[in-house]
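The values are calculated or read from the model by the stated rules, or taken from the named source; none is laboratory data. Worth saying up front: this structure is predicted, and the values here are computed from it rather than measured. Note that we place each Cβ from the backbone using ideal geometry, even for glycine, and neighbour counts take in every protein chain shown. Heads up: the accessible areas ignore ligands, DNA and RNA and are worked out on the full protein's heavy atoms, side chains in. Shrake-Rupley method; radii C 1.70, N 1.55, O 1.52, S 1.80 Å.
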Amino acid sequence: MALTFNPQLRSDGKLKHLLSTEGLPKHLIEGLLETADQFVSVGDREVKKVPILRGKSVFNLFFENSTRTRTTFEIAAKRLSADVINLNINASSTTKGESLLDTVDNLAAMNADMFVVRHAESGAAHLIAQHVKPGVAVINAGDGRHAHPTQGLLDMYTIRHYKTAFHNLTVAIVGDVLHSRVARSDIHALTTLGCPDVRVIGPKTLIPTEVARMGVSVFHDMARGLEGCDVVIMLRLQNERMNGALLPSAHEFFKSYGLTTEKLARAKPDAIVMHPGPMNRGVEIDSLVADGRQSVILPQVTFGIAVRMAVMATVVGA
Amino acid sequence: MQLDAEHLVTELATRIGTLSDDTAVVGIHSGGVWVAQRLHQMLKAVPPMGTLAVTLHRDDFSRIGLHPQKKATDMPMNIDGRHILLVDDVLHTGRTLRAALNELFDFGRPASVKLAVLVDRGLRELPFAADYIGATMTLDASQELVLTNDNHHLRFDVRTRQLHKKTN
């Protein structure tokens, strides 16, 4: 593990790009979470800005639509005083025949300091990171089914905020694990931080075979899987990524794997409920739970800005 | 030269005298916060007290980068129209103070800001002067005056600065 090439890290071990929570050393994850602490209160000030990225240009490259994620990166960069340029690159640029790296080269020629990349293909951010010149940072904002590291980190921040430590926690990740880059990023981060019991819960068709090798236990019965959990992370059922009949119907899915008050009662009484958003109410989560006392779904959004600020402030110029 | 930090705090409190009711005490992390806590108590200042972690406004960010740390800015009161007593342990180049004022003004527009420091050690690089000073001394650039808080006992040490890592 330590010997594998990790393009995220500089030769002295500092974070250069953020591409995946996989292979991210524990002290770096903890450092990012501590750095985020400093940024949480910036949102409460009369002037919601600090000058750390003043004069830097951050390009949001979204090859796949995501208004919410793009907005949180945009707010994070603006609160750090960066200039933000949003580019929604849809099929048109590919129709014109420009390759991914040509697009990046063109933007790099405009003196970009940082790229935030969302792409439907796994590995797109890695490819760009290996291509850019030294001093330019790349942050993966979601690539295919592979990784969504800032979501993984903000989930860790949220868990740490409510549960303080990881060494005694049972965490369940529920639903469409197959299509979920959030699930992969969470699992890598949780195991690195020393969480002893990580469970994935879902139907056989939506649990990829490789997850068992990631050091988690697999449950197909939700009630059993939630028994004694401290944290329940619900995943969005990704209809747009479903090819073929993996599920009978959304209604059937809700009956078996939708989080209701009754199912949540199997977890610990002080268990927290998380969701990366956007939620499909009545599909993977019941409104009573989503808006209930144990839900920390909206705090996740607030923490997400601070965590993205921490990542940007750490990788810039590294 | 031996500096008795505890004695200097008492000295500084005497020089400040009394604080008006519309004065808020704000300490700069880390040493300034310890001194501010003492002054706040000794001068019976109106709670709450504010703290500034100036890391996010430093001018050497692009050279030394951002380091994870636990200290954070906390301004639990409205500072608009208030008189601020800004407190630090050591006044040196003035760069920390520049960052602290910038950060302070992100929270509002105080009526006035006065500066209290335990020690003014000279070698200013920016045009600042303190309103209240515990002691004045001359150190050369390679020396660093460090305040430590050992179980609520404040102590000053003079250390030789590592030349590649300028921190003040």
So, of the residues in the range B:97-114 that are open to solvent by less than 20 Å² (accessible area, probe 1.4 Å), more than 17 Å from B:Gly31 (Cα to Cα) and within 17 Å of the chain's Cα centre (by Cα), which turns out to be farthest from the other protein chains (Cβ to nearest Cβ)? B:Leu104
The lone condition A:Thr69 fails out of (1) buried (at least 23 other Cβ atoms within 10 Å of the Cβ); (2) within 14 Å of chain B (Cβ to nearest Cβ) is (2)
Do you know which residues across the range B:60-83 are touching a Pro at 6+ places or on another chain (Cβ under 9 Å), surrounded by fewer than 20 Cβ atoms within 10 Å (Cβ to Cβ) and at negative phi? B:Asp74, B:Pro76, B:Met77, B:Asp80, B:His83
Mind checking whether some residue in the range B:29-41 is surrounded by 21 or more Cβ atoms within 10 Å (Cβ to Cβ), touching a helix residue (DSSP H, G or I) at 6+ places or on another chain (Cβ under 8 Å) and within 14 Å of another protein chain (Cβ to nearest Cβ)? yes
Among the residues of the range A:170-181, is there at least one that is closer than 30 Å to A:Leu53 by Cα, open to solvent by less than 40 Å² (accessible area, probe 1.4 Å) and modelled with pLDDT under 95? yes
Check A:Leu246, A:Leu178, A:Leu169, A:Leu193 and return the single one that is in contact with a Ser or Thr (Cβ under 7 Å, 6 or more places away or on another chain) and more than 15 Å from A:Leu259 (Cβ to Cβ). A:Leu246
Within the range B:42-54, the count of residues that are open to solvent by 30 Å² or more (accessible area, probe 1.4 Å) and among the β-branched types (Val, Ile, Thr) comes to 1
Go through (1) modelled with pLDDT of 95 or more; (2) in contact with a His (Cβ under 8 Å, 6 or more places away or on another chain) and name the single condition B:Arg82 misses. (2)
Cβ contacts < 7 Å: first residue on the phi > 0 side of the Ramachandran plot, restricted to the range A:260-278; second residue open to solvent by 70 Å² or more (accessible area, probe 1.4 Å), any location; separation 6+ or different chain. Result? A:Gly277/A:Arg68
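Let's see how each residue does on (1) under 30 Å from A:Lys16 (Cβ atoms); (2) in contact with a strand residue (DSSP E or B) (Cβ under 6 Å, 6 or more places away or on another chain); (3) open to solvent by 30 Å² or more (accessible area, probe 1.4 Å):
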residue: A:Asp221; (1), (2), (3): no, no, yes
residue: A:Gly225; (1), (2), (3): no, yes, no
residue: A:Ala250; (1), (2), (3): no, no, yes
residue: A:Ser256; (1), (2), (3): no, no, yes
residue: A:Gly277; (1), (2), (3): yes, no, no
residue: A:Val283; (1), (2), (3): no, no, no
residue: A:Val307; (1), (2), (3): yes, no, no
residue: A:Thr314; (1), (2), (3): yes, yes, yes
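Might you check whether a residue that is aromatic (Phe, Trp, Tyr), modelled with pLDDT under 95 and under 21 Å from the mean Cα position of the chain (by Cα) occurs anywhere in the range A:70-78?
no
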Those residues that are open to solvent by less than 50 Å² (accessible area, probe 1.4 Å) and within 29 Å of B:Asp140 (Cα to Cα), I need them from the range B:7-28; list them, please. B:Leu8, B:Val9, B:Leu12, B:Ala13, B:Ile16, B:Val26, B:Gly27, B:Ile28
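Can you name every residue in the range A:28-57 that is outside any helix (DSSP H, G or I) and farther than 30 Å from A:Met110 by Cβ?
A:Arg45, A:Glu46
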Residue among A:Glu30, A:Glu22 that is more than 8 Å from chain B (Cβ to nearest Cβ), in contact (Cβ under 8 Å) with a residue 60 or more places away in the chain and not aliphatic (A, V, I, L, M): A:Glu22
For a quick check of your reading of the model, give me the residue pairs whose first member lies in the range B:86-113 and is touching a residue at least 40 places away in the same chain (Cβ under 8 Å), whose second is among the polar types (S, T, N, Q), with beta-carbon atoms closer than 7 Å and at least 6 apart or on different chains. B:Asp88/B:Thr96; B:His92/B:Asn168; B:Thr93/B:Asn168; B:Arg95/B:Asn168; B:Thr96/B:Asn168; B:Glu103/B:Thr73
Across the range A:33-51, what is the total count of residues that are open to solvent by less than 30 Å² (accessible area, probe 1.4 Å) and within 10 Å of another protein chain (Cβ to nearest Cβ)? 8
